[in-house]
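Undergrad: Would you mind keeping the following structure in view while I ask a few things?
What follows is calculated from the coordinates using simple rules that are stated; it is not laboratory data. Here the structure is a predicted model, which is why all the values come from computation and not from measurement. A quick note on method: Cβ atoms are made from the backbone with ideal geometry, for glycine too, and the neighbour counts reach across all protein chains shown.
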Amino acid sequence: MHPLNEDTRHYFLSGTLEDAYRHFGAHLMKDKKGHVTATRFTVYAPHARAVSVVGEFNDYQDWVHQMTKVDAIGVWRIDIPENLEWKAYKYKIFTHDGRELHKSDPYAFFSAERPDTVSKVYDIDGYQWNDHDYMQHRKRPYSQPVNIYEVHLGSWMKKPDGTYNRFTDLVDRLIPYALENGFTHLEIMPLVEHPLDQSWGYQGTGYYSITSRYGVPKDFMYFVDRAHQAGLGIILDWVPGHICKDAHGLYMFDGQPLYEYRDPWIRENIVWGTANLDLARAETRSFLISNALFFQRYFHIDGIRVDAVANIVHPLGDARYGVNDGALGFLRMLSRAVFKENDAFILAAEDSTAFPGVTRPVDQGGLGFNYKWNMGWMNDTLRYFAREPIHRKYHQSDINFAMHYAYSENFILPLSHDEVVHGKRSIVEKMPGDDWQKFANARALYGFMYTHPGKKLLFMGQEFGQRHEWRDHDELDWSRLNDDPHQGLHRFHRDIAHLVKHQPALHALDHDPAGFRWIDADNADESVLTYIRHGHGQSIIVAVNLTPVVRQDFWLAMPEGGNYVEILNSDAIHYGGSGITNDDEFTAFEHQMQGFNHAIRVSLPPLGVSLFKRSD
């Protein structure tokens, strides 16, 4: 046994150790031929009086495998001369005040399936990847199409007996479905080990342990591998701000605050029933930054969405308490680390604050994310669409205001799980009117979203108009796809998502003011928005009619002369619409209006979106 070397100790205690998972946790020791000679357990518990490894290999007797303190900073270790792969274990920690704590391994690579809380020895090495071409050709996302499908794996689709599908089952179901429906990425709700299904993974206990609900870690590697081979990126939800308080987890790991704040005022997150991590502490920084890099290196993930950034930026998420400088320092360190590993990575902030520079690079004084969820756009847009169309003309600013700040950050437009739970209703059921109008409104919402500057995110089930709110214990209501309105919405979402993927005008300049120009943002009386998207020398003209009134002979300004065709109309019959479409080719004639020199006369469908493009 040897203590951590001087360099490793320095990096760990300065919060800059980027491979802490190599030094802590359970590791199989192998000889030159690859044969396992021993299992090494290493844990950081500086406040402990003594530590033992207890597990099924010693009948959980604490006297059998007592660990030795091998470093003055509080590192405990033992080598057991056996191959203990797949064996369950915990650390039994004896505190100076006489308590005995049974803790899961913070660095465990695998854990037993709930309700068990033990860690398991697992060989994380050795998976043979087949995504080399994808990995070598990953591009930075800014000028690329990014259509994200947010998924909770446990309730997307279940087995016939009601149990969870495994990663290996989902490979041939979820990946083809996402691609067929125009998505470029899957964003998977947290996959770290967590004790309670109803927490959806946001209250984790095993940060290095892919949850056993869906298989073993190499099953998830296989899932990512197959996704990459199909051209689909993988983003993971990641929760560095707060932890579950279950007794076996990180909370008070060695009897005292170790990863969390010492001060209970800022540590105890009363609203969520969790404990806030102290992101200024060196141990916590090394633990979390190594964790993000672990998922990049071992699982080839393409991005992480950082949960609850408001709770990180401001103490307890409350701007009245000022800014948490230590936590901001952590975010900047995280940014440097993940982009050094892969400059095409997506580092997205789920952030509702007005804190500036969230997506500005660290060397320019920003926090270093490259994407931020546009919560303002989401709130304004959903509030507008929930109104009866007759009242919308009084609230035009709700639907056009986001363009005033659209380029202040690199934005993702999210319609996430948070918008379809806790009494908020599903997307379709938020819409006013009768059933036909609900679905027309939903198609118009997606048409507006997918043609608006910014990358896109949609929560599962909303692409076909799930009626009820998301229920984490039930699978999506796939039977709805037998009903015409749902089929129509599903087709429209699929077609517009694919259009965004294949038309540079709808994605190449998402973060550049040159990619967007209003034709008319202020036509409140008719509740109509018209605008142009540009990219790679192409232009697409968008008209959004947000009332059920058909606008016949509507004068639509064009950026230049030439012939135009309608390339998508949400009111088409096969989408469930009324069939008010523009099937003829239009020649733009000279006509000065709204700062343009050409125009065409078209029909705007009720509660519909029409897209036009030059045909010559």
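Undergrad: Using the number of other C-beta atoms within 10 angstrom as an exposure proxy, rank 573, 148, 346 with the fewest first.
TA: Final ranking by Cβ density, sparse to dense: 573, 346, 148.
Undergrad: Convex hull volume of the Cα atoms in the stretch 120-268, per residue, in Å³?
TA: Roughly 154 Å³ of hull volume per residue.
Undergrad: Tell me the relative contact order for the stretch 1-373 as a rounded percent, counting alpha carbon contacts under 8 Å between residues six or more apart.
TA: Once divided by the residue count of the stretch 1-373, the mean separation gives 14 percent.
Undergrad: Please give every one of the lysines within straight-line cross-link reach of residue 430, meaning a C-alpha to C-alpha distance under 24 Å, and leave out same-chain neighbours fewer than 8 residues apart.
TA: Once the sequence-local lysines are set aside, what remains near residue 430 is 393, 438, 455, 456.
Undergrad: Let me ask another. Ranked from highest to lowest mean number of other Cβ atoms within 10 Å per residue, what is the order of the peptides 14-21, 264-271, 580-587?
TA: Output ranking for 14-21, 264-271, 580-587: 14-21, 580-587, 264-271.
Undergrad: Could you size up the charge dipole of the chain around its Cα centre, putting +1 on the beta carbon of Lys and Arg and -1 on that of Asp and Glu, and report it in debye to the nearest 20?
TA: For this selection, approximately 860 debye.
Undergrad: Pick out, in residue order, every one of the trypsin sites (Lys or Arg not before Pro) in the stretch 182-265 that is DSSP loop and has at most 13 other C-beta atoms within 10 Å; say none if there are none.
TA: The qualifying sites are 262.
Undergrad: Along its principal axes, what span do the Cα atoms of the stretch 143-211 show, with the longest given first and each in whole Å?
TA: Cα extents, longest axis first: 37, 34, 18 Å.
Undergrad: Which net charge results when you count Lys and Arg as +1 and Asp and Glu as -1 among the other residues whose beta-carbon is under 14 Å from that of residue 278?
TA: -1
Undergrad: When 300, 422, 507 are ordered from fewest to most other Cβ atoms inside 10 Å of their Cβ, what list results?
TA: 422, 300, 507
Undergrad: Let me know the volume per residue of the alpha-carbon convex hull for the chain, in Å³.
TA: Dividing the Cα hull volume of the chain by its residue count gives 156 Å³.
Undergrad: If packing is taken as the average count of other Cβ atoms within 10 Å, what order do 125-133, 397-405, 290-298, 200-208 fall into, highest mean first?
TA: 200-208, 290-298, 397-405, 125-133
Undergrad: Suppose R0 equals 41 Å. What FRET efficiency, 1/(1 + (r/R0)^6) with r the Cβ-Cβ distance, do residue 471 and residue 282 give to the nearest 0.05?
TA: According to the calculation, E is roughly 0.50.
Undergrad: Something else about it: Excluding same-chain residues fewer than 8 positions from residue 245, which aspartates and glutamates have a Cα within less than 14 Å of its Cα?
TA: Correct list for residue 245: 193, 254, 260, 268.
Undergrad: Follow-up. Wrap a convex hull around the Cα atoms of the stretch 426-475, take a quarter of its surface area, and give that in square nanometres.
TA: The directionally averaged projection comes out at 3.8 nm².
Undergrad: Give me the percent of Cα-Cα pairs in the stretch 1-145 that sit more than 21 Å apart, rounded to a whole number.
TA: 52
Undergrad: Any chance you could check the Cα centroid distance between the stretch 486-551 and the stretch 77-116 for me, in angstrom?
TA: 55
Undergrad: Using just the C-alpha positions of the stretch 334-459 as equal point scatterers, what log10 of I(q)/I(0) does the Debye formula give at each q in 0.10 1/Å?
TA: Results for the stretch 334-459 at q = 0.10 Å⁻¹ read -0.37.
Undergrad: So which of 92/218; 69/90; 33/90; 32/87 end up more than 19 Å apart by C-alpha?
TA: Beyond 19 Å: 92/218; 33/90; 32/87.
Undergrad: Order these by the 10 Å Cβ neighbour count, fewest first: 69, 340.
TA: Ranking 69, 340 by Cβ neighbours within 10 Å, fewest first, gives 340, 69.
Undergrad: Relative to the first principal axis of the alpha-carbon coordinates of the chain, what is the inclination of helix 217-229, with its axis defined by its Cα atoms, in degrees from 0 to 90 and to the nearest 10?
TA: The angle comes out at about 30 degrees.
Undergrad: Here's a follow-up. What residues of the stretch 208-232 lie in the reach of a label at residue 161, counting those whose backbone N is under 16 Å from a point 7 Å from the Cα along Cα→Cβ?
TA: 213-215
Undergrad: Residue farthest toward the positive end of the dipole of the stretch 1-373, with Cβ of Lys/Arg at +1 and Asp/Glu at -1: which of 134, 316, 337?
TA: 337
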